[in-house]
Amino acid sequence: MDPTILSRALGDGSNTIAKGVAKLYRGEKNKWVPIDAGLLVWHQDIDGFQWFKLLRTSDGKILLDEELYENFDATYKDGKTKNGTHPVHTFEFEDYVAAACFAKEGDANEFKSRMAVMAPK
C-alpha cells in the first residue's frame, strides 16, 4: 500500500506496530461470518492508544476501526485454519469475537510476536 495512503488512514504521528493482508471474520452463532479483507494494521496513535484498522488495499478506506483495550493479549490466540493452510488469529473486541486469516505466515508471526510485548497493559 502506498505510504501516503497508509499515513492518511492512520493519522499524523501514528506508529505502525504490525501489518499484514488478512480476511477478517466476526463470530456469530457458532460460525464465522466474513467482514471484509484488506490490510490489517495494528498501530499506536499520537496519544498512545492502540488500534486495529482494516484498510481497503486499493484506496486505504477504513473498513474496521477498533481500539485495543487493557490486557487485549489475554483474549488473543493464534492457530491455523481447519485445513492447516493459513494462520488464523482470534481475539475479542468490545462487542464481538473476531478472527483474522492472514495471507502470509510472516505477517501472522509479526502480530503474534509483538502481542506479548506491545499489547496495552
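Around the amide H of residue 37, modelled in the peptide plane, lie the amide H atoms of 24, all under 5 Å away and 5 or more residues distant in sequence or on another chain.
Total Lys pairs in region 11-109 closer than 19 Å by alpha-carbon, pairs eight or more apart in sequence or interchain only? Eligible lysine pairs with Cα atoms under 19 Å apart amount to 22. Which is the longest run of the chain containing none of the GluC sites (Glu not before Pro) found in DSSP loop states (not H, G, I, E, B) with at most 11 other C-beta atoms within 10 Å? That gives 1-69 as the longest site-free run. Counting Lys and Arg as +1 and Asp and Glu as -1 over every other residue whose Cβ lies under 10 Å from the Cβ of residue 39, the net charge comes to +2. The 1.4 Å probe gives accessible areas that order 32, 51, 42, largest first, as 32, 51, 42. To the nearest ten degrees, helix 105-118 and the longest principal axis of the Cα atoms of the chain are 70 degrees apart.
Over all directions, the projected convex hull of the C-alpha atoms in region 65-121 averages 4.1 nm² in area.
Distance from the Cα centroid of region 59-121 to that of region 1-39 is 10 Å (rounded to whole angstrom). Couplings for region 73-88, taken from phi via the Karplus curve 6.51 cos²θ - 1.76 cosθ + 1.60 with θ = phi - 60°, read 5, 5, 9, 8, 10, 10, x, 10, 5, 3, 8, x, 8, 9, x, 10 Hz in order; Gly and Pro are left as x. Among the protein heavy atoms of the chain, carbon and sulfur supply 47% of the accessible surface, probe 1.4 Å, non-protein parts ignored. Compute the signed sum of charges (Lys and Arg +1, Asp and Glu -1) over the other residues within less than 14 Å, Cβ to Cβ, of residue 98. Summing Lys and Arg as +1 and Asp and Glu as -1 gives -4. From the Kirkwood radius over Cα pairs of region 1-113, Stokes-Einstein at 20 °C and 1.002 mPa s returns a whole-number translational diffusion coefficient of 150 µm²/s. For region 20-59, the Stokes-Einstein estimate of translational diffusion at 10 °C and a viscosity of 1.306 mPa s comes to 139 µm²/s, using the Kirkwood hydrodynamic radius over alpha-carbon pairs.
The values are calculated or read from the model by the stated rules, or taken from the named source; none is laboratory data. Quantities reported herein were computed from a predicted structural model and do not represent experimental measurements. FYI the Cβ positions are ideal-geometry reconstructions off the backbone, even for glycines, and counts take in every protein chain you see. The accessibility values were calculated without ligands, DNA or RNA, using every heavy atom of the protein model including side chains. Shrake-Rupley method; radii C 1.70, N 1.55, O 1.52, S 1.80 Å.
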